[in-house]
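The values are calculated or read from the model by the stated rules, or taken from the named source; none is laboratory data. If you're wondering where the values come from, they're calculated on a predicted model, not measured in any experiment. A quick note on method: Cβ atoms are made from the backbone with ideal geometry, for glycine too, and the neighbour counts reach across all protein chains shown.
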Amino acid sequence: MIGFVQDLGWMAVRFVDHLGKLAVFAAQIGRALLTPPPRVRPFIEEIFNLGVLSLVIICVSGLAVGMVLGLQGYNTLVRFGAEQSLGAVVGLSLIRELGPVLTALLATGRAGSATAAEIGTMVATEQLDGLRMMSVNPIHLVVTPKAVAMVCVMPLLSALFIVCGLGGGYFVGVKLMGLDGGTYVSSLQNAVDFHDDVVGSLLKALVFGVLVGLIATYRGYTSAPTSAGVSSATTSTVVVGSVSILIFDYFITALWGV
Amino acid sequence: MRRSAVRDFVVGLFVLVGLSAIAYLSMNVGGWSLRRSGGLTLYAAFDQIGGLKVRAPVVISGVKVGQVDAIVLDKNFRARATLDLDPSLKIPSDTSASIVTAGLLGDRYISLELGGEETYLNSGDEITMTESAVLLERLIGKLIHNTDVKKAE
Amino acid sequence: MAEGSTDTDAPVVFDAVDMAFGERRVLRGLSCSFPRGRISVILGGSGSGKTTVLRLVGGLVRPQGGRIIVAGQEIGGLPESQMYAVRSKLGMMFQGGALLDSLTIFDNLAFPLREHTRLREAEIADEVHKQLAAVGLTDVDALLPGQLSGGMIKRAALARAIITKPEILLCDEPFSGLDPISVKRIEALLRRINRQLGITMLVSSHHIPSTMRMADQVVLLLGNTAVVGAPAELQQSRDATIRNFLNEEVDESLEAAAELATERQSGTWSHP
């Protein structure tokens, strides 16, 4: 019994320790951002790796989710004779929650784990030490472009997910279920408010981008220099990243006040 | 070098497509417009605003011409709304503002009925003729009361 | 032949350095100096702390006790941001090469020049090709590190380490994982670089024959103690531990040479 409580206490201490180290790490990234030279080439490479290479999974998933929403939404609304509001239901669900959250979860799995693995491998093969010995700060050259690219890419991917989802909902509602196209679109436009919904959605995507960018690079950077260490860094990125996204989702939704 | 030129192009394309998606969601779906349509600030005080919210539209003849910027309680305990309107409008001084509902159970907004005076309101002026929001429950209450009165007769 | 004295004029000086990783004590009061322009080999078995000595010089790990003086500056407690200035005088050849695996060999060699010098691209290309030629690598410009053999990677890493003309060159196990021919090649390269450029070299190794041939000074790490001296001194040592160490490894390599000779005679040997 005492052992259990001790373990719990120890876990709490370790958690706070990690949080502190993460904060220091984030500060180092912040300082690197302000230090010249700007690493434009690596940054663009990372936009490609994290954004362009995630396009397929994001758009396909967005389409699928939109279609399911269209189907489920229609089947439920038609019971109350409210199927005219399908556009609003699909749109609000996607924009407020499913777009940013699902995009972030998918991105964590794909881009986040890839980032952690890449940095972890560089630690294991002494490439980061090599950079240090050449008087180049590995946080400046390797970590910062990756983290910043993740932040920039997340809102873009989220918007694309949502647009594909709206299209999927349109396809199911209008083409399959026979709703009037104009009704779908106008219901959507009337229900969605720029400030309350779209801005909140983009804000969430940005915050999630910061979370995943930080967690993935931190876990990779601090991984043990072995293949087991790299693997552990990858899995913990996905786990910790996903849980953090869901928790932060609640807080942002509550604070944005809709 | 050629490899990186292709990559730059693809990245640029991706960013462009992503930004257009954001623009589409903001403007087409969310109804955000680039033009700062405000400038003319008018005030209107109501006894009851119902569910009127900040950023609710201000409408003339069904067309949106501005929005509600702020709602405060003035010293007479009336609700004073700050309206931010299109500066090109000429609002006669005897214009009235009423709070109406979109549909039966929808959001509240302000509708302006233009008056006939030749003098126009300037920024900072007050719309003196206002009509408060009709609360549905009061209406129903009145209906029930009237029905009871009729029964009693 | 005793514990090395600390000659503080030398480019690298260790003064009573203690180093431990958690519970494991690796270095205990190590004191020695590494003379300018000479090749010092840090010899020892696996886990004896050879690589740690180099990493201490590079500031990649910090000692628990004692002082380390590099190019006249004490680096034991130096913050990371100030280490970069010290490292500009160092070059390090890592055991696995540590080349950036997303860059071509050309870009890998050009990297330190692009970072720290204002040379034009044409001048950088010249320098890179010169260094590649000096280590005997040709036609590797567009290759990625993953496409090179072990020996080629080490040579590329060596070229990268000296391209910025450092005062002090650190080589971490340059002979590990190489066939005997490649070992001789690397050894010859290191000796030529030392002769031509007069770089102070610190080499960690457990390959005894090469050590005895190329070292001006040997720092032998044996468990708790370190023995410093010229190769000849060590070979004539009366100390049992030292003799055992040197002989054990020498025997192994003699056996390997004998095996090689037999294979060559029977025709089963082929050029790698």
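So the values come out like this:
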{"read-out": "Residue match in segment C:5-19 (condition: part of a loop (DSSP other than H, G, I, E, B), in contact (Cβ under 8 Å) with a residue 60 or more places away in the chain and crowded, with 23+ Cβ neighbours inside 10 Å)", "value": "no"}
{"read-out": "Residue that is modelled with the highest pLDDT [pool: residues in segment B:1-42 that are more than 7 Å from chain A (Cβ to nearest Cβ) and crowded, with 19+ Cβ neighbours inside 10 Å]", "value": "B:42"}
{"read-out": "Test: residue A:193 is farther than 21 Å from residue A:148 by Cβ, touching a residue at least 60 places away in the same chain (Cβ under 8 Å) and not hydroxyl-bearing (Ser, Thr, Tyr)", "value": "no"}
{"read-out": "Test result for residue A:250, crowded, with 20+ Cβ neighbours inside 10 Å and part of a helix (DSSP H, G or I)", "value": "no"}
{"read-out": "Condition check for residue C:146: part of a loop (DSSP other than H, G, I, E, B), loosely packed, with under 15 Cβ neighbours inside 10 Å and modelled with pLDDT under 95", "value": "no"}
{"read-out": "Segments classed as strands (runs of 3 or more DSSP E), wholly inside segment B:19-82, with at least 1 members that are farther than 28 Å from residue A:188 by Cβ", "value": "B:40-46, B:63-73"}
{"read-out": "Spans of helices (runs of 4 or more DSSP H) in segment A:40-108 with at least 3 residues within 19 Å of the chain's Cα centre (by Cα) and β-branched (Val, Ile, Thr)", "value": "A:55-77"}
{"read-out": "Matching entry among A:140, A:195 (being over 30 Å from residue A:20 (Cα atoms), of a type outside the set (S, T, N, Q) and within 11 Å of another protein chain (Cβ to nearest Cβ))", "value": "A:195"}
{"read-out": "Filter result (within 21 Å of the chain's Cα centre (by Cα), among the hydrophobic types (A, V, I, L, M, F, W, C) and surrounded by fewer than 24 Cβ atoms within 10 Å (Cβ to Cβ)) within segment C:90-110", "value": "C:100"}
{"read-out": "Out of A:153, A:239, sole residue that is free of Cβ contacts under 8 Å to residues at least 12 places away in the same chain and either among the aromatic types (Phe, Trp, Tyr) or in a helix (DSSP H, G or I) (or both)", "value": "A:239"}
{"read-out": "Answer residue from segment A:149-178, given it is farther than 16 Å from residue A:60 by Cα and surrounded by fewer than 21 Cβ atoms within 10 Å (Cβ to Cβ) and is nearest to the other protein chains (Cβ to nearest Cβ) among those", "value": "A:152"}
{"read-out": "Cβ-Cβ under 6 Å pairs, at least 6 apart or on other chains, segment C:218-245 side β-branched (Val, Ile, Thr), far side at pLDDT below 80", "value": "C:228/C:4"}
{"read-out": "Residue in segment A:207-215 that is within 14 Å of chain B (Cβ to nearest Cβ) and either among the acidic types (Asp, Glu) or crowded, with 19+ Cβ neighbours inside 10 Å (or both) present", "value": "yes"}
{"read-out": "Residue satisfying all of: in segment C:70-108; assigned to a helix (DSSP H, G or I) and charged (D, E, K, R); nearest to the other protein chains (Cβ to nearest Cβ) among these", "value": "C:87"}
{"read-out": "Sole residue being more than 14 Å from every other protein chain (Cβ to nearest Cβ), among the acidic types (Asp, Glu) and either closer than 24 Å to residue B:31 by Cβ or free of Cβ contacts under 8 Å to residues at least 24 places away in the same chain (or both), chosen from B:94, B:86, B:69, B:107", "value": "B:86"}
{"read-out": "Count of residues meeting criterion [closer than 10 Å to residue A:235 by Cα and of a type in the set (A, V, I, L, M, F, W, C)] in segment A:107-126", "value": "2"}
{"read-out": "Residue match in segment C:246-254 (condition: among the charged types (D, E, K, R), touching a helix residue (DSSP H, G or I) at 6+ places or on another chain (Cβ under 8 Å) and at pLDDT 85 or above)", "value": "no"}
{"read-out": "Qualifying residue in segment C:62-79 (condition: at pLDDT 90 or above and under 22 Å from residue A:127 (Cβ atoms))", "value": "yes"}
{"read-out": "Some residue of segment C:46-69 being in contact with a helix residue (DSSP H, G or I) (Cβ under 9 Å, 6 or more places away or on another chain), assigned to a helix (DSSP H, G or I) and within 14 Å of residue C:27 (Cβ to Cβ)", "value": "yes"}
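Yes/no matrix, rows are residues, columns are (1) at negative phi; (2) hydroxyl-bearing (Ser, Thr, Tyr); (3) loosely packed, with under 14 Cβ neighbours inside 10 Å:
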{"position": "A:3", "(1), (2), (3)": "yes, no, yes"}
{"position": "A:20", "(1), (2), (3)": "yes, no, yes"}
{"position": "A:45", "(1), (2), (3)": "yes, no, no"}
{"position": "A:64", "(1), (2), (3)": "yes, no, yes"}
{"position": "A:71", "(1), (2), (3)": "yes, no, no"}
{"position": "A:98", "(1), (2), (3)": "yes, no, no"}
{"position": "A:113", "(1), (2), (3)": "yes, yes, no"}
